[in-house]
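What follows is one structure encoded as structure tokens, with my remarks underneath.
The values are calculated or read from the model by the stated rules, or taken from the named source; none is laboratory data. Please read all numbers here as calculations on a predicted model, not as lab measurements. So basically every Cβ, Gly included, is an ideal-geometry build from the backbone, and we count neighbours across all protein chains shown. Remember, those area values only see protein heavy atoms, side chains included, never the ligands or the DNA or RNA. Shrake-Rupley method; radii C 1.70, N 1.55, O 1.52, S 1.80 Å.
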Amino acid sequence: MECVFGLVGKGFAIVAADTSAVNSILVHKSNEDKVMVLDSHKLLGASGEPGDRVQFTEYIQKNVHLYQFRNGIPLTTAATANFTRGELATALRKNPYSVNILLAGYDKGVGPSMYYIDYIATMHKIEKGAFGYGSYFCLSMMDRLYHPDMSIEEAIELIDKCIIEIRTRLVVAPPNFVIKIVDQDGAREYAWRESIKSPDVSMA
Amino acid sequence: MSIFEYNGSALVAMVGKNCFAIASDRRLGVQLQTVATDFQRVFKIHDRLYIGLSGLATDAQTMYQKLVFRHKLYQLREERDMKPQTFASLVSALLYEKRFGPFFCQPVIAGLGDNDEPFICTMDCLGAKELAKDFVVSGTASESLYGACESMYKPDMEPEELFETISQALLSSVDRDCLSGWGGYVLLVYAALLTPTEVQEKILKGRMD
């Protein structure tokens with residue numbers, strides 16, 4: 001089952017997600033990137049129905065870019081979160097998207113922030129959050145070990161502990177995870193935590 | 001589980017002497033899981049009018065955005081703030097518009113009307129208004145709240161006593177409801193002669209579970 005989780009540290013925010021693309025009992029691939037880089041300083045970790053996830057996150061990404069092209073300045077994280085919630089809320093009673101979102105961003109002057117946006121468009125600004133079956137383990141780990149203004153090393157240590165907990169305790173635990181970070185230098189991939197390497201496709 | 005119990009909420013508003021208080025819990029949950037402990041359910045419409053929205057959190061947020069929009073338009077046209085009674089009718093109308101596909105939220109409205117007369121009312125998700133002279137409650141803890149308020153309420157309480165009463169009523173009720181709690185938020189608005197309206201906001205620490 002899909003897990004997305006994240007936390008806000010001192011001057012940065014981290015979003016981690018599992019990387020398996022699953023259909024019923026079949027694992028299509030184990031290196032599916034579910035944390036999208038929205039723009040230079042925003043990350044969008046999404047979990048849910050695969051088609052909706054890709055469609056909706058790409059839609060948000062293109063609209064964020066469009067705003068920047070039209071107005072010359074990027075959207076703030078709060079504005080992006082409210083826009084995303086608005087799209088989910090509008091679609092909710094017509095054609096709902098089954099996508100849970102953790103939006104993390106860094107704004108000059110405001111610092112790092114993270115928003116929890118449910119698939120039914122419940123939005124809340126949070127310091128730590130998680131979606132999926134993994135959340136039962138991650139939220140408890142973070143409740144115990146998280147404190148405000150963590151350093152990057154401490155935060156990665158906590159993320160790793162959450163990943164270990166998911167791998168140990170979740171029955172169909174996803175093998176691989178991707179960790180992405182956003183801080184004043186931008187949004188970028190931080191690391192992969194792989195326990196199963198995807199086989200290289202050999203050209204026939 | 002009912003859709004009204006998906007996120008969990010508790011709201012209460014009480015009338016005092018030239019003052020009113022509105023209080024809510026702070027939990028945001030997804031069924032059995034607690035997501036946040038600082039969720040805002042009471043919103044300001046203008047200095048003398050507040051609305052609390054219980055029920056499904058997404059609909060509470062959407063309703064609040066629609067109401068702020070309508071009130072700002074009203075302010076532009078009428079060049080004044082809406083009276084609480086008018087606002088209550090607006091909320092009721094907006095909810096009934098969605099009669100066959102409603103917003104799953106139950107508002108609690110509290111404000112100071114003409115002559116600093118406190119006004120409170122609640123309505124169901126379809127907009128059926130219920131005006132009360134003493135207190136109104138809403139949310140998953142509403143049954144406990146009815147009992148607590150009925151026993152603790154006295155008419156014409158001064159602001160300090162009203163604050164105490166509403167806090168105790170809220171905390172004791174949410175302790176009996178697993179879906180609401182994690183602290184409380186109380187807002188007290190007091191209109192005194194010759195001084196501008198005083199607003200007090202306090203966070204309560206209750207049982208954090």
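General remarks:
- Residue check, B:Lys72 assigned to a strand (DSSP E or B), open to solvent by 10 Å² or more (accessible area, probe 1.4 Å), more than 14 Å from chain A (Cβ to nearest Cβ) and over 18 Å from B:Gly127 (Cα atoms): no
- The residues of the range A:1-55 that are among the acidic types (Asp, Glu) and farther than 16 Å from A:Tyr133 by Cα, listed by number, are A:Glu32, A:Asp33, A:Asp39, A:Asp52.
- Filter result for B:Gly8 (of a type outside the set (A, V, I, L, M, F, W, C), surrounded by 24 or more Cβ atoms within 10 Å (Cβ to Cβ) and not in a strand (DSSP E or B)): yes
- Residues in the range B:2-20 that are hydrophobic (A, V, I, L, M, F, W, C), more than 9 Å from the chain's Cα centre (by Cα) and away from chain A (no Cβ under 14 Å): B:Met14, B:Val15, B:Cys19, B:Phe20.
- Test for A:Ile152: is it among the aliphatic types (A, V, I, L, M), at pLDDT 95 or above and under 19 Å from A:Asn82 (Cα atoms): no
- Taking the numbered list (1) more than 11 Å from every other protein chain (Cβ to nearest Cβ); (2) out of contact with any Pro (no Cβ under 7 Å at 6 or more places or on another chain); (3) touching a residue at least 60 places away in the same chain (Cβ under 8 Å) in turn, A:Arg144 passes all entries but (3).
- Residues (in contact (Cβ under 8 Å) with a residue 24 or more places away in the chain and touching a helix residue (DSSP H, G or I) at 6+ places or on another chain (Cβ under 8 Å)) located in the range B:139-165: B:Gly139, B:Thr140, B:Ala141, B:Ser144, B:Leu145, B:Gly147, B:Ala148, B:Cys149, B:Tyr153, B:Met157, B:Thr165
Yes/no per residue for (1) buried (at least 22 other Cβ atoms within 10 Å of the Cβ); (2) of a type in the set (A, V, I, L, M, F, W, C); (3) more than 22 Å from B:Cys125 (Cβ to Cβ):
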{"site": "B:Val12", "(1), (2), (3)": "yes, yes, no"}
{"site": "B:Phe20", "(1), (2), (3)": "yes, yes, yes"}
{"site": "B:Ala23", "(1), (2), (3)": "yes, yes, no"}
{"site": "B:Gly29", "(1), (2), (3)": "yes, no, no"}
{"site": "B:Leu32", "(1), (2), (3)": "no, yes, yes"}
{"site": "B:Thr37", "(1), (2), (3)": "no, no, yes"}
{"site": "B:Tyr50", "(1), (2), (3)": "yes, no, no"}
{"site": "B:Leu67", "(1), (2), (3)": "no, yes, no"}
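- In the range B:83-133, counting only strands (runs of 3 or more DSSP E) that sit wholly within it, the ones holding 1 or more residues that are charged (D, E, K, R) span B:129-132.
- Scan of the range A:71-87 for residues that are touching a helix residue (DSSP H, G or I) at 6+ places or on another chain (Cβ under 9 Å) and over 20 Å from A:Tyr97 (Cβ atoms), ordered by number: A:Ile73, A:Pro74
- Complete set of residues in the range A:105-123 that are touching a residue at least 40 places away in the same chain (Cβ under 8 Å), more than 10 Å from chain B (Cβ to nearest Cβ) and among the aromatic types (Phe, Trp, Tyr): A:Tyr106
- Filter result for B:Glu79 (at pLDDT below 95 and either under 23 Å from B:Ala57 (Cβ atoms) or not basic (Lys, Arg) (or both)): no
- Residues of the range A:80-115 classified as within 19 Å of A:His65 (Cα to Cα), part of a helix (DSSP H, G or I) and either open to solvent by 40 Å² or more (accessible area, probe 1.4 Å) or charged (D, E, K, R) (or both), total: 4
- Any strands (runs of 3 or more DSSP E) falling wholly within the range A:6-45 and containing at least 1 residues that are crowded, with 24+ Cβ neighbours inside 10 Å and under 11 Å from the mean Cα position of the chain (by Cα): A:12-18, A:35-39
- Of note, A:Ile73 does not satisfy the criterion of being outside any helix (DSSP H, G or I) and within 14 Å of chain B (Cβ to nearest Cβ).
- Consider the range B:30-58 and keep the residues that are of a type in the set (D, E, K, R) and more than 9 Å from chain A (Cβ to nearest Cβ). The one that is nearest to the chain's Cα centre (by Cα) is B:Arg41.
To keep it simple, each residue is scored yes or no on (1) among the hydroxyl-bearing types (Ser, Thr, Tyr); (2) within 13 Å of chain B (Cβ to nearest Cβ); (3) out of contact with any helix residue (DSSP H, G or I) (no Cβ under 9 Å at 6 or more places or on another chain).
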{"site": "A:Ser47", "(1), (2), (3)": "yes, no, no"}
{"site": "A:Gly51", "(1), (2), (3)": "no, no, yes"}
{"site": "A:Gln55", "(1), (2), (3)": "no, no, yes"}
{"site": "A:Lys62", "(1), (2), (3)": "no, no, yes"}
{"site": "A:Phe69", "(1), (2), (3)": "no, no, yes"}
{"site": "A:Ala91", "(1), (2), (3)": "no, yes, no"}
{"site": "A:Lys94", "(1), (2), (3)": "no, yes, yes"}
{"site": "A:Leu103", "(1), (2), (3)": "no, no, no"}
